[in-house]
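Data first, discussion second: the structure below is written as structure tokens.
The values are calculated or read from the model by the stated rules, or taken from the named source; none is laboratory data. Because the structure is a prediction, the values reported are computed rather than measured. Ligands, DNA and RNA are excluded from the accessible area calculation, which covers all protein heavy atoms including side chains. Shrake-Rupley method; radii C 1.70, N 1.55, O 1.52, S 1.80 Å.
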Amino acid sequence: MDLKTCKKRERKAARCPPESMEELVLEIFFRLPVKSLLRFKSLSKAWCATISDPMFIRSHLEHQKPSWLITPHALDSTIEAEEWPTTFSTQTRFYRWQLGLGVSDTRLMHATDFPGEFSSIALIAHCDGLVLFPTNTKLYLFNPATRETMTLPASNRTKTQYKHMFLPTGFGLDHRTGKYKVVRAFVRSKDPLTEVYRMGMEVFTVGDGEACTSWRETTTDLPYSVVEWITGKFVNGGLFWVIDRFHLEHDRNGCVRFSLEDETFRVIRLPDPLPLDRALHESFLLDVIQQGKLCLTGEIVSD
């Protein structure tokens with residue numbers, strides 16, 4: 001390109017309205033790989049704010065080709081008769097595998113280590129490329145694409161109580177505010193006769209300014225206690241957990257839904273045709289298939 005052509009393009013760009021220039025920059029950013037975006041964040045405060053914005057992150061994700069995020073977990077050793085391992089490795093790795101490619105094309109995105117910080121890991125949760133990593137001591141939030149890690153602050157509600165439990169957690173997007181929320185249940189009380197837990201819920205809003213340093217309780221408690229080791233599944237603006245049927249006087253085959261928008265609870269009964277009373281084991285699992293569809297799986301117990 002000669003000097004004359006270059007100056008001509010500069011004059012044309014200078015005549016563009018500021019709004020058009022911003023839209024043009026966004027369209028370019030949407031098509032850049034994350035590695036390039038990370039470099040651009042250090043060149044301009046405005047670009048850094050744009051690239052860090054949750055709305056931009058979601059839009060950038062939508063422009064990328066479909067891929068799988070793989071997080072392998074390994075045990076440092078094994079202990080017999082453990083219900084859930086307490087010897088997880090603290091080395092954490094995230095790999096990206098793009099659909100249509102071979103296994104050898106799997107790419108390491110991010111690797112880190114937390115020596116001595118935890119010994120057990122619950123089921124992880126993800127939303128828009130962000131990953132919630134619940135452990136027996138702390139909660140971590142990862143952005144493998146940007147290699148950023150956030151250790152969520154401790155809560156006075158969960159610092160000392162019931163250390164043997166994996167308190168239910170969840171992670172998703174509040175579509176009304178465009179902010180991500182991490183939620184975690186806590187034990188408010190325990191009935192000495194039935195041994196049923198009464199559970200409250202607390203919320204941590206990611207990137208919420210000064211409020212981003214602490215948890216806050218919801219105005220109402222969970223209608224039923226939920227299975228402690230299951231991480232909530234995020235579907236259509238809500239988080240879902242399985243109701244813990246242990247010691248309940250009346251059978252409750254269903255889920256608890258928590259809306260991230262208005263932070264209210266709702267009980268979802270499972271379809272009647274499912275043979276839950278006799279055939280399906282109570283510790284069924286929830287998962288998400290395709291987009292916005294909740295899937296139930298469980299162990300069939302024959303007579």
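Distance from the C-alpha centroid of the range 24-69 to that of the range 122-138: 22 Å, rounded to the whole angstrom. Rolling a 1.4 Å probe over the protein heavy atoms of the range 18-74, with every protein chain left in place, gives an accessible area that is 64 percent carbon and sulfur.
The portion of the accessible surface of the range 80-168 made up by carbon and sulfur, rounded to a whole percent, is 50 (1.4 Å probe; DNA, RNA and ligands excluded). For the range 54-155, the orientation-averaged shadow of the C-alpha convex hull comes to 8.1 nm² (one quarter of the hull surface).
If you bin all the Cα-Cα distances of the range 35-112 at 5 Å, starting from zero, the percentages per bin are 3, 12, 14, 15, 16, 14, 11, 8, 5, 2, 1, 0.
Give me the accessible area per residue for the range 51-191, probe 1.4 Å, as a whole number in Å². List each step's numbers first, then the result.
Working: 7670 Å² over 141 residues.
Counting only protein heavy atoms, the per-residue value for the range 51-191 is 54 Å².
Derived scalar couplings between HN and Hα for the range 81-96 equal 6, 6, 5, 9, x, 10, 10, 5, 5, 8, 7, 10, 9, 10, 10, 10 Hz in order, rounded to whole Hz, by the Karplus curve 6.51 cos²θ - 1.76 cosθ + 1.60 (θ = phi - 60°), x for Gly and Pro. Pairs spanning more than 21 Å between alpha-carbon atoms, out of Lys41/Lys181; Lys179/Lys233; Lys138/Lys233; Lys138/Lys181: Lys41/Lys181.
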